[in-house]
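Heads up, the thing below is written out as structure tokens.
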Amino acid sequence: MASIEFVKVTKSFDKHDVIKDLDLKIEDGKFTVLVGPSGCGKTTLLRMIAGIDPQTSGKVLINGKDVTKIPPGQRGVAMVFQNYAIYPTMSVRENIEFGLKNNKVPKEERTRLVESISATVGLSEYLDRKPSTLSGGQRQRVALARAMVKQPSVFLMDEPLSNLDAKLRVQMRIELIELHKKLGTTFVYVTHDQVEAMSMADTIVLMNKGLIQQEAPPDVMYRKPNNMFAAEFIGVPPMNMDDLGVEGIKFGFRPESAVLSKEPSGKHFSIRGVIATREMLGSETVYQVKYNNSSYMIKCIEDHFTVDEDVCLEVAANKIFFFEEDGNRIGEEDGRFNNYLEALRRG
Ligand SMILES: Nc1ncnc2c1ncn2[C@@H]1O[C@H](COP(=O)(O)OP(=O)(O)OP(=O)(O)O)[C@@H](O)[C@H]1O
Ligand SMILES: [Mg+2]
């Protein structure tokens, strides 16, 4: 097991800073998910931990020890890549055993490790098969097993599920959560999919353009986003945002926080709009409601309305967020919060 720490880390490519002055502590034994849009620096961060592509300046510490001069093979980390790169001509057993043979682990020990780890990831029956005869999910498990036999103190995973179809991804997500529980090892998992981040993480590290926007457990990230970027990145559909019309302030509310009805019930924010679109998704329906020049996405459990119908859209005061012009969220403890709530009162 191991903790990881970045201290004032900068990474530049051709004098362009992709990561700048980054400080981050990743806790020992936790499942940490790095999430953010494409190009924000997630893979770059993982590669610095692995030592594949070291930082330009600053320090990376593993278990409190500066690893700058330690080569990748000796850092006690294993990395699983998006395109899991297993050897097609080797059997599943040979694939998993490969790294151990290279490290001159004796045959008996190799066999014991391969068998116990294959059982952990559910591959025992497939040890003599070639990868080409396996499903995508099974191949992904081979890649995981190959990382696991090294018994690393840190697992780094870079979008390991992105090649799988939606159903298998959900299944593998649950398997990874269970695997983490079983191993108790530090997991650092990269994805650009906020649903993956929300469902698997103990801690989410949300990045944008090389900067950490927020570091928090999933529920905190959802209930108390630091800024507009976090508010709009986490949650589907994203939080509705609109101008308050005062001091450049924006207000927001989540699609599931609004209530649609035929008659108002006296909630704080209450407007009359028209249903512009309706997406019936089975267990829920997403409506787009137009009001003056604004449009809001609303998620309902029930499917009561049709396109072009007039509706009353209401949001309770405790479901409303405010953001400064620079994007930072204004907390309820801020003296201005109640003034903005008054300015928003409609109906
Ligand atoms: N070897 C390199 N040379 C020059 N620029 C690079 C290099 N590697 C990465 N970059 C740049 O650094 C930035 C971050 O890249 P990175 O691969 O870390 O993004 P990412 O968050 O993993 O994105 P994705 O979700 O698309 O995988 C990008 O703008 C990328 O173009
Ligand atoms: Mg990447």
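Could you check how many residues of the stretch 176-201 are more than 16 Å from ligand 2 (Cβ to nearest atom), in contact with a Ser or Thr (Cβ under 7 Å, 6 or more places away or on another chain) and more than 21 Å from Gln151 (Cβ to Cβ)?
Total meeting the criteria: 1.
Any chance you could count how many residues in the stretch 111-134 are within 20 Å of Thr89 (Cα to Cα), touching a residue at least 24 places away in the same chain (Cβ under 8 Å) and not charged (D, E, K, R)?
Here the count works out to 8.
Find the residue count for the stretch 89-108, including only residues that are assigned to a helix (DSSP H, G or I) and either in contact (Cβ under 8 Å) with a residue 24 or more places away in the chain or loosely packed, with under 13 Cβ neighbours inside 10 Å (or both).
The number of residues fulfilling the criteria is 12.
How about the stretch 39-74: which of its residues are away from ligand 1 (no atom under 16 Å from the Cβ) and surrounded by 21 or more Cβ atoms within 10 Å (Cβ to Cβ)?
Ile62, Val67
Inspect all residues belonging to the stretch 213-222 and state whether any of them is touching a Phe, Trp or Tyr at 6+ places or on another chain (Cβ under 7 Å) and among the polar types (S, T, N, Q).
yes
Take the residues in the stretch 180-201 that are assigned to a strand (DSSP E or B) and away from ligand 1 (no atom under 16 Å from the Cβ), then tell me which one is nearest to Thr43 (Cα to Cα).
Once the filter is applied, the top-ranked residue is Phe187.
Between a first residue in the stretch 185-207 that is of a type in the set (A, V, I, L, M) and a second residue that is within 12 Å of ligand 1 (Cβ to nearest atom) and assigned to a helix (DSSP H, G or I), which pairs have beta carbons less than 6 Å apart while being 6 or more apart in sequence or on different chains?
Pairs that qualify, where the first residue is of a type in the set (A, V, I, L, M) and the partner is within 12 Å of ligand 1 (Cβ to nearest atom) and assigned to a helix (DSSP H, G or I), are Val190/Lys42; Val190/Leu46.
So which residues in the stretch 1-32 are more than 7 Å from ligand 1 (Cβ to nearest atom), over 16 Å from Thr203 (Cβ atoms) and not in a strand (DSSP E or B), if there are any at all?
Lys15, the sole residue that qualifies.
Working carefully through the options Ile86, Ile62, Ile4, find the one that is more than 23 Å from Lys181 (Cα to Cα) and either hydrophobic (A, V, I, L, M, F, W, C) or in contact (Cβ under 8 Å) with a residue 40 or more places away in the chain (or both).
One residue alone meets the criteria, Ile86.
From the set of residues in the stretch 231-242 that are free of Cβ contacts under 8 Å to residues at least 60 places away in the same chain and in a strand (DSSP E or B), which is surrounded by the fewest Cβ atoms within 10 Å (Cβ to Cβ)?
The qualifying residue surrounded by the fewest Cβ atoms within 10 Å (Cβ to Cβ) is Asp242.
Name, by its number, the condition in (1) surrounded by 18 or more Cβ atoms within 10 Å (Cβ to Cβ); (2) touching a residue at least 40 places away in the same chain (Cβ under 8 Å); (3) within 16 Å of ligand 2 (Cβ to nearest atom); (4) not in a strand (DSSP E or B) that does not hold for Asn163.
Unmet for Asn163, out of (1) surrounded by 18 or more Cβ atoms within 10 Å (Cβ to Cβ); (2) touching a residue at least 40 places away in the same chain (Cβ under 8 Å); (3) within 16 Å of ligand 2 (Cβ to nearest atom); (4) not in a strand (DSSP E or B): (1).
Which ones in the stretch 62-88 are farther than 12 Å from Asp158 by Cβ, among the aliphatic types (A, V, I, L, M) and part of a loop (DSSP other than H, G, I, E, B)?
Once the filter is applied, which keeps residues that are farther than 12 Å from Asp158 by Cβ, among the aliphatic types (A, V, I, L, M) and part of a loop (DSSP other than H, G, I, E, B), the stretch 62-88 yields Val67, Ile70, Ile86.
Of these, Ile177, Ile212, Ile204, which one is surrounded by fewer than 21 Cβ atoms within 10 Å (Cβ to Cβ), at pLDDT 90 or above and assigned to a strand (DSSP E or B)?
Criteria check complete, one pass: Ile212.
Sort through Val35, Val80 and tell me the only one that's within 15 Å of ligand 1 (Cβ to nearest atom), under 22 Å from Ile177 (Cβ atoms), at pLDDT below 95 and among the β-branched types (Val, Ile, Thr).
Val80
Would you mind listing the strands (runs of 3 or more DSSP E) fully within the stretch 243-347 where at least 3 residues are of a type in the set (A, V, I, L, M, F, W, C)?
258-261, 269-280, 294-300, 310-315, 321-323
Please state which of the following conditions Gly335 fails to meet, knowing it meets all the rest: (1) without any contact (Cβ under 8 Å) to a residue 24 or more places away in the chain; (2) within 29 Å of the chain's Cα centre (by Cα); (3) farther than 21 Å from Ala276 by Cα.
Among (1) without any contact (Cβ under 8 Å) to a residue 24 or more places away in the chain; (2) within 29 Å of the chain's Cα centre (by Cα); (3) farther than 21 Å from Ala276 by Cα, Gly335 violates only (2).
Out of the residues in the stretch 14-26 that are out of contact with any strand residue (DSSP E or B) (no Cβ under 7 Å at 6 or more places or on another chain) and of a type in the set (D, E, K, R), which is surrounded by the fewest Cβ atoms within 10 Å (Cβ to Cβ)?
Asp14
The values are calculated or read from the model by the stated rules, or taken from the named source; none is laboratory data. The structure displayed is predicted, hence computed values, not measured ones. Positions of Cβ are generated from backbone atoms using ideal geometry, with glycine treated the same way; all protein chains shown enter the neighbour counts.
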